[in-house]
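Heads up: the structure comes next, in structure tokens.
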Amino acid sequence: MNSLQLSGIGMTSQRTRQRLVERLKEKGISNDSVLSIMASTPRHIFVDEAISHRAYEDTALPIGMGQTISQPFIVARMSELLYQTGPMDNVLEIGTGSGYQTLILAQMFKQVFSIERVGPLQKVAQKRIRNLKVFNVQYRHGDGFKGWPDKAPFDAIIVTAAPESVPEQLVEQLAEGGRMVIPVGTQHGEQDLILLHKEDGELKKMNLEKVKFVPLLGGTID
Ligand code: SAM
């Protein structure tokens, strides 16, 4: 686990973050590494100052361009699903968004590759993460449906927007022993959170809880 340099992050936010972590535990998050990363990772710097007082509520919040920063519970849940005893060298993230989940991943994996289709969102996220002196993230402004073939295979893949079915190109880019967590379903209904595990060349699939994500859309916005 890489530790964050948290200079300038105030005591008030540390206390409110700790309360958030207590709520996450009550809701069933049990991985100590994930809980400890969530306890030290500032969320308030990933939203507009006008709503930063709500940053440690367990809720999704708007980040502009019609997108949201994911609910802390879902960030913690997806992160613990990716935790594994095998190698955690690289992870592919589809949907950089605010960059909050990206920063959590940067503390779990040696290298993060993060793709976002909305250019302006990714630029802001990248700047926020660099300001924290976190440099093990590579960014690509592009269409996540295609993955990042020249950096594959990945020990883990996390998709933070929902396609109607699992993109085959992402499955191909998952390493042997690797895990993918992805919400799958229609735009207007509930979606299933799915965990895929590639073992001995076979893909094992587990349907987990119902979730609600923005849709995974093709193409890019500059
Ligand atoms: N984990 C992010 C966070 O907490 O800020 C979640 C952001 S939001 C729920 C999902 C993101 O996926 C949005 O920023 C959206 O633009 C992006 N997205 C949607 N379709 C995409 C695609 N095909 N490729 C890459 N990013 C995509």
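Against the test of being on the phi < 0 side of the Ramachandran plot, more than 10 Å from the ligand (Cβ to nearest atom) and not in a strand (DSSP E or B), the options Leu196, Leu170 yield a single qualifying residue, Leu170. Residues in the stretch 135-149 that are within 12 Å of the ligand (Cβ to nearest atom), open to solvent by 50 Å² or more (accessible area, probe 1.4 Å) and free of Cβ contacts under 8 Å to residues at least 60 places away in the same chain: 2 in all. With respect to the conditions (1) away from the ligand (no atom under 16 Å from the Cβ); (2) surrounded by 11 or more Cβ atoms within 10 Å (Cβ to Cβ), Pro183 lacks only one, and its number is (1). Within the stretch 77-92, does at least one residue satisfy the condition of being of a type in the set (A, V, I, L, M, F, W, C) and over 26 Å from Leu24 (Cβ atoms)? Within the stretch 77-92, none of the residues are of a type in the set (A, V, I, L, M, F, W, C) and over 26 Å from Leu24 (Cβ atoms). A count restricted to the stretch 60-95 and to residues that are of a type in the set (Val, Ile, Thr), free of Cβ contacts under 8 Å to residues at least 40 places away in the same chain and within 15 Å of Thr160 (Cα to Cα) stands at 2. Contact map, the stretch 204-217: residues that are part of a strand (DSSP E or B) paired with residues that are among the polar types (S, T, N, Q) and more than 10 Å from the ligand (Cβ to nearest atom), Cβ distance under 9 Å, separation 6+ or inter-chain. Pairs shown: Lys210/Gln191; Val211/Gln191; Pro215/Thr186; Pro215/Gln187.
With Leu170, Leu105, Leu174 as the choices, which residue is over 18 Å from Ile221 (Cβ atoms) and touching a Lys or Arg at 6+ places or on another chain (Cβ under 8 Å)?
The unique qualifying residue is Leu174.
Per-residue answers, yes or no, for (1) touching a residue at least 40 places away in the same chain (Cβ under 8 Å); (2) over 16 Å from the mean Cα position of the chain (by Cα):
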| position | (1), (2) |
| --- | --- |
| Gln101 | yes, no |
| Phe113 | yes, no |
| Gly119 | yes, yes |
| Gln122 | no, no |
| Lys133 | yes, yes |
| Lys151 | yes, yes |
| Ile158 | yes, no |
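The values are calculated or read from the model by the stated rules, or taken from the named source; none is laboratory data. Because the structure is predicted, anything quoted here is derived from the model rather than measured. Please note: Cβ atoms are built from the backbone with ideal geometry, for glycine as well, and neighbour counts cover all protein chains shown. Each accessible area value is taken on the protein alone, full model and side chains, heavy atoms only, with ligands, DNA and RNA left out. Shrake-Rupley method; radii C 1.70, N 1.55, O 1.52, S 1.80 Å.
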